[in-house]
Amino acid sequence: MGLIKNLRSQFKKPEGLLGSIAGMLMTIFGKEKNKWTLSLLNLKQNDHVLEIGFGPGIGIEIASKIIQNGKIIGIDFSEKMLKKAYQRNKKAIQKGKVELIHADVENLPSFQLHFDKVYSINSIIFWNNPVQTLMNIRKLMKDNGVIAITVQPFTKDATVDTAKQFGIEIVKQLVEAGFIHVKTELKQMKPVPIVCVLGVNKEFQSA
Ligand SMILES: C[S@@+](CC[C@H](N)C(=O)[O-])C[C@H]1O[C@@H](n2cnc3c(N)ncnc32)[C@H](O)[C@@H]1O
């Protein structure tokens, strides 16, 4: 496998030296997509928030500046990213505002609370069974909780149509998983356009 191809594969589960490079790239290029996704979620100071696939922890850091009396929990199955995100968010973790968990979204741990907001950026493309996983996530959410799933295509020649195609796929997955009021947001962003699909959880008791 060539170096570039090998580096690309590191975005799924960053490990070793190449995983560190992938993490660095996520840090450099991650701020805008994380900020945008979180702005669409309209976080409130008391929200309980879950991020899936937090990578180097940029989104967790932004969210922790908004959340004051709530809680932010992140899960990621890469130990390398757990360490990076831990370093970045050490203070908020020590204060108990942030908790980072080493876990696979396809084998979710149990939580003491239900979430108002859930988001995931450039991670769903790596999940083996996104619909079943989204159904399981829905059970962790409060009634009327909101989910945001963002994808920025990795290919450098991606166009707005590429982002739209991802959006169509994610809409189908969210609807199949039982989310309602599903809507798509698109944005021109360098190096390629980005899509975020939002959905609302209907009563989790009936899931
Ligand atoms: C491309 S990175 C995106 C990181 C971050 N969301 C960002 O945009 O900066 C994808 C992240 O999802 C994580 N991931 C992929 N599949 C996962 C799974 N099944 N369970 C938990 N984390 C997963 C990877 O370890 C990686 O940190």
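Any read-out appearing in this document is the output of simple, stated calculations on the displayed coordinates, not a laboratory observation. Note that this is a predicted model, so its numbers are computed, not measured. Note that we place each Cβ from the backbone using ideal geometry, even for glycine, and neighbour counts take in every protein chain shown.
Which percent, to the nearest 5, of DSSP beta bridges fully inside the chain are antiparallel?
Numbers: 12 of 32 bridges.
In the chain, approximately 40 percent of DSSP beta bridges are antiparallel ones.
What is the mean projected area of the alpha carbon convex hull for the chain, to one decimal in square nanometres?
Values: hull surface 43.1 nm².
Value for the chain: 10.8 nm².
Give the Kirkwood hydrodynamic radius (Å, one decimal) of the range 1-122, defined as one over the mean of 1/r across all pairs of different Cα atoms. Intermediate results must be reported in sequence, preceding the final value.
Working: mean 1/r = 0.0687 Å⁻¹.
Taking the inverse mean of 1/r over all distinct Cα pairs, the range 1-122 comes out at 14.6 Å.
Compute a Gaussian network model of the chain, connecting alpha carbons closer than 10 Å, and tell me which residue from Phe54, Phe166, Phe115 fluctuates the most.
Phe166
Would you kindly state how much longer the chain becomes between Lys156 and Glu203 on full extension, computed as 0.36 nm times their sequence separation minus their alpha carbon distance, in nm to one decimal? Could you put the intermediate results ahead of the total?
Values: separation 47, 0.36 × 47 = 16.92 nm, distance 4.00 nm.
Answer, rounded to one decimal: 12.9 nm.
Over the residues of the range 96-164, compute the C-alpha Rg and express it relative to 2.2 N^0.38 Å. It would help to have the intermediate numbers written out before the result.
Details: Rg = 14.2 Å, N = 69, 2.2 N^0.38 = 11.0 Å.
Against the empirical 2.2 N^0.38 Å value, I get 1.29 for the range 96-164.
Hey, in the GNM for the chain with a 10 angstrom Cα cutoff, which one of Ile67, Ile52, Ile170 fluctuates hardest?
Ile67
Picking from Pro109, Pro193, Pro130, which is most flexible by a Gaussian network model of the chain using Cα springs under 10 Å?
Pro109
Return the loop-located trypsin sites (Lys or Arg not before Pro) in the range 72-133 (DSSP other than H, G, I, E, B) with at most 15 other Cβ atoms within 10 Å of their own Cβ; answer none if there are none. Each step should come with its number before you reach the end.
Values: sites: Lys80, Lys83, Lys84, Arg88, Lys90, Lys91, Lys95, Lys97, Lys117; in loops: Lys95, Lys97.
When the trypsin sites (Lys or Arg not before Pro) of the range 72-133 are filtered for loop state and at most 15 Cβ neighbours within 10 Å, Lys95 remain.
Can you give the log10 of the normalised intensity I(q)/I(0) at q = 0.29 Å⁻¹, computed with Debye over equal Cα scatterers of the range 165-207?
Calculated log10 I(q)/I(0) at the listed q: -0.97.
Per DSSP H run of n ≥ 4, the term is -39500 (n - 2.57); total these for the chain, divide by its residue number, and report the mean residue ellipticity at 222 nm rounded to 500 deg cm²/dmol. Working shown, then result.
Numbers: 7 runs with 83 residues, N = 207.
Value at 222 nm, helices only, nearest 500: -12500 deg cm²/dmol.
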